[in-house]
């Protein structure tokens, strides 16, 4: 779809075939998840009037600040003004820490009994990017109250999609899922990319990247947050274990556990070694190039093309 100065495209196809898997694993030096949707993507492109270029922005992946995908520049535009936000599987997997000593470099690894079967592919996927595209902010917040509003006119959904990026059942010992969801409303768009990891009898982890933009403004807000708890902490008092497969249920549980721990005395150091760098929350802002007007956004809604 196109709305104002934004174009939004989602691609959803089947999992990679044998030849594609072989090529991807060779390029990444990494065994792929059981279900790798390597041709799936969610791409948003901002084209300011009178400008042209393509700059790929790190917005999502399996880690706290991994990079968006890159593509060949469009020969019809310059290379420093067009903003492209991309969520795709192989770029996310390309940020996974691998090789000897990854635990010392990155942290967050967990030794489990079935680890040899996984070929080191599941819990090391928390890289740190060095691309300072978004700047840290202590004053910006995503307007959750606005996003929770359900006005049938003001908040009607113009476009929605849920794009699967990969899924892995960890040899029947849990699951690891990465997806990206978007909804576009007359006033804004909101994206949630979530990595959900459940290792049975070991731990839960959730890493969320939320991206928000109000049409007519010149800023994109990105919030990155990571939560973690032992498996038994989440399972506690659960006679029905089926909710443990629900990322939303686990997210709420992890939030309560984290809040409760924050009110307690500092705990003893983790027995897992170097802490997972994805823990915590940060908010960052990207300023769009060129001039952005409310009039442009409203015209885009009127002339919206699907």
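Here, each number is a calculation from the coordinates, and none is a lab measurement. None of these values were measured; they are calculated from a predicted model. Please note: Cβ atoms are built from the backbone with ideal geometry, for glycine as well, and neighbour counts cover all protein chains shown.
In whole percents, the pair-distance distribution calculated for segment 178-259 from its alpha-carbon pairs, binned every 5 Å from zero, is 3, 14, 23, 19, 13, 11, 8, 5, 3, 1. Here the extension length gained between residue 27 and residue 153 equals 40.6 nm, from 0.36 nm per residue of separation less the Cα-Cα distance.
Each residue in 96, 211 was given a count of other beta-carbon atoms within 10 angstrom of its own, and listing them fewest first yields 96, 211.
Sorted fewest first by neighbouring Cβ atoms within 10 angstrom, 168, 263, 88 come out as 263, 168, 88. Here the peptides 40-46, 199-205 are ranked by packing, the mean other Cβ count within 10 Å, and the order with the highest first is 40-46, 199-205.
Taking the fewest neighbouring Cβ atoms within 10 Å as the starting point, the ordered list for 22, 47 is 22, 47.
So if I average 1/r over every pair of distinct C-alpha atoms in segment 121-258 and take the inverse, what Kirkwood radius in Å does that give?
16.9
For a Förster distance of 41 Å, can you work out the FRET efficiency between the beta-carbons of residue 238 and residue 141, rounded to the nearest 0.05? Write out the running numbers ahead of the final one.
Numbers: r = 32 Å, r/R0 = 0.79.
Calculated value: 0.80.
Per-residue packing, averaged as other Cβ atoms within 10 Å, sorts the ranges 218-227, 169-178, 152-161 into the order 218-227, 169-178, 152-161, beginning with the highest.
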